[in-house]
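Here is the structure we will look at.
The values are calculated or read from the model by the stated rules, or taken from the named source; none is laboratory data. Note that the structure is a prediction, hence the values are computed from the model and not measured. All Cβ positions, even for glycine, are placed from backbone atoms using ideal geometry, and neighbour counts span all protein chains on display. All accessible areas refer to the heavy atoms of the entire protein, side chains included, with ligands and DNA or RNA removed. Shrake-Rupley method; radii C 1.70, N 1.55, O 1.52, S 1.80 Å.
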Amino acid sequence: QVQLVESGGGLVQAGGSLRLSCVGARNIYAIATMGWYRQGPGKQRDLVAGITFGGSTFYADSVKGRFTISRTNAGNTVYLQMNSLKDEETTVYYCNTAPNPSQYWGQGTQVTVSS
């Protein structure tokens, strides 16, 4: 099973926080570098944060200092803590391998930030 399941999205006021979760099959994703992506209307799907099997992290400039990516010791659950959210960050968030995503995308989780 290669499915990735994202959750944790919702409606939040600008400046608020959300924590996203992503669970994937352990035998596939436990040692992969994983990332969170987002895709706004009419835009390409961009990588916003990533984490290696060893725990090294990387972030898009736009989210540095506000978002934190982490993963469980088992490796197949990845989180994205999002603080100080902005209304322009309203979109669907996905997880996948990073920096090169696989062809297997989950359904994503909708984040809506109200101003």
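Overview of values
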| read-out | value |
| --- | --- |
| The chain, relative contact order [Cα under 8 Å, separation at least 6], % | 37 percent |
| 1.4 Å probe accessible area per residue over the chain, in Å² | 51 Å² |
| Largest-first principal axis extents, alpha carbons of the range 1-52, Å | 37, 22, 20 |
| Nearest-10 value in Å² for the accessible area of Glu88, using the 1.4 Å probe | 130 Å² |
| Heavy atoms of Phe58 accessible to a 1.4 Å probe, total area in Å² rounded to 10 | 70 Å² |
| Sparsely packed trypsin sites (Lys or Arg not before Pro) within the range 18-115, loop by DSSP, other Cβ within 10 Å at most 14 | Lys43, Lys64, Lys86 |
| Top of Asp46, Asp87, Asp61 by mean-square fluctuation, Gaussian network on the chain, Cα under 10 Å | Asp61 |
| Table column - 3J(HN,Hα) (Hz), the range 40-54, Karplus curve with 6.51, -1.76, 1.60, x for Gly and Pro | x, x, x, 10, 6, 7, 10, 7, 10, 7, x, 8, 7, 4, x |
| Kirkwood hydrodynamic radius over Cα pairs of the chain, then Stokes diffusion coefficient at 25 °C and 0.890 mPa s, in µm²/s | 177 µm²/s |
| The range 108-115 - phi-based ³J(HN,Hα) in whole Hz, Karplus 6.51/-1.76/1.60, Gly and Pro as x | x, 9, 7, 10, 10, 10, 9, 9 |
| Whole-Hz couplings from phi, Karplus 6.51/-1.76/1.60, listed for the range 30-39; x for Gly and Pro | 4, 10, 7, 6, 10, x, 10, 10, 9, 9 |
| The range 47-115 - percent of accessible surface contributed by carbon and sulfur, probe 1.4 Å | 48 percent |
| Over the range 73-115: Rg over Rh, Cα atoms, Kirkwood Rh | 1.02 |
